[in-house]
Amino acid sequence: MKSNSVLFTKGKSITKYNGSNNSIDWKVDFDKHIYGISRIDDYVFVTTRNNWGTSNFTSLIDFKSGKKTWDLKEIFYSIHIIKNILIFKNRTNKFTAIDINSGIEKFSLKSPFRWSTPKTFLLNGKFYLFSSKTIYLLNLDNGKLTESKLPDRLDAKDLIAGFILDEFQININNIPSSDSGHMIMSDAGFGDSGVGDVGGGDAGGGGDAG
């Protein structure tokens, strides 16, 4: 979804500037320093850090109204939005699903791969987690994993070796990742950088790909 707007931050505030009439649509203040923003359709994700740099928080803001929906003490990696569910990987390598409208957690599970970093993709409403040897399907209703196979003509060993943009991510952007999917909000090394400044203006484009 395109717009004639720019999102920018200064210190502890984020502002939406409307280029159509050269006006400020809204401004939201935080009590912590902002160090990253990203946008998917009407969802604006803002990451803040406390003064000691020891705690990171992610807030959701409505792009149109500027209303803050929720704050979570999390950093989101490898985001997927499927209808009203936001699924992401956190810093402890757990895959977590929340209701995007309320921020309430639906489930959180540890990676089933102890010695490797899995990749993920969404295709035909199915969410796959896999290594070069093992493939799982994630039930988005209850967080249960079941062993599975990849669709025909897809080989896990080939996919592990390169980058993947799935049906959700293709609708958003073409930002490369070295991890499991499209890291809308992270550094490529899965460290503490949190949100990349990749969605400040017109980066939206495909929130409900499920």
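Does Ile172 satisfy the criteria of being of a type in the set (A, V, I, L, M), surrounded by 15 or more Cβ atoms within 10 Å (Cβ to Cβ) and modelled with pLDDT under 85? Quick ask: steps written out before the conclusion?
Working: of a type in the set (A, V, I, L, M): yes; surrounded by 15 or more Cβ atoms within 10 Å (Cβ to Cβ): yes; modelled with pLDDT under 85: yes.
Here the answer is yes, as Ile172 does meet what is asked.
Considering only the stretch 25-84, state which residues are of a type in the set (S, T, N, Q) and more than 16 Å from Ser102 (Cα to Cα). Spell out the reasoning first.
Taking the stretch 25-84 first, the residues of a type in the set (S, T, N, Q) are 38, 47-48, 50-51, 54-56, 58-59, 65, 69, 78, 84.
If the condition is that a residue be of a type in the set (S, T, N, Q) and more than 16 Å from Ser102 (Cα to Cα), then Ser38, Thr47, Thr48, Asn50, Asn51, Thr54, Ser55, Asn56, Ser65, Ser78 are the ones that fit.
Please work out if Asn50 is modelled with pLDDT of 90 or more and farther than 12 Å from Gly66 by Cα. Show your work before the answer.
On the way: modelled with pLDDT of 90 or more: no; farther than 12 Å from Gly66 by Cα: yes.
It is false that Asn50 is modelled with pLDDT of 90 or more and farther than 12 Å from Gly66 by Cα.
Let me confirm something: among Asp41, Asp31, Asp62, Asp71, which residue is of a type in the set (D, E, K, R), surrounded by 15 or more Cβ atoms within 10 Å (Cβ to Cβ) and touching a Ser or Thr at 6+ places or on another chain (Cβ under 9 Å)?
Asp71
I need the strands (runs of 3 or more DSSP E) fully contained in the stretch 118-163, keeping only those with at least 2 residues that are under 16 Å from Ile81 (Cα atoms).
Qualifying strands (runs of 3 or more DSSP E): 119-123, 126-130.
If you take the residues in the stretch 164-175 that are in contact with a Phe, Trp or Tyr (Cβ under 9 Å, 6 or more places away or on another chain) and part of a loop (DSSP other than H, G, I, E, B), which one is farthest from Asp42 (Cα to Cα)? If you could, list the steps in order and put the result at the bottom.
Initially, the stretch 164-175 is screened for residues in contact with a Phe, Trp or Tyr (Cβ under 9 Å, 6 or more places away or on another chain), giving 164-169.
Narrowing further to those that are part of a loop (DSSP other than H, G, I, E, B): 164-166.
Working: Ile164: 24, Leu165: 21, Asp166: 20 Å.
Per the criteria, the residue is Ile164.
Any idea how many residues of the stretch 77-102 are in contact with a Leu (Cβ under 6 Å, 6 or more places away or on another chain) and under 17 Å from Phe57 (Cβ atoms)?
2
Go through the stretch 52-114 and tell me which strands (runs of 3 or more DSSP E), entirely inside it, have 1 or more residues that are on the phi > 0 side of the Ramachandran plot. Lay out the reasoning, then the answer.
Details: elements: 56-62, 68-72, 77-82, 85-89, 94-99, 105-110.
Passing ranges, in order: 77-82.
The values are calculated or read from the model by the stated rules, or taken from the named source; none is laboratory data. Keep in mind it's a predicted model, so treat the numbers as computed, not measured. Cβ sites come from the backbone with ideal geometry, for glycine too, and all protein chains shown count toward neighbours.
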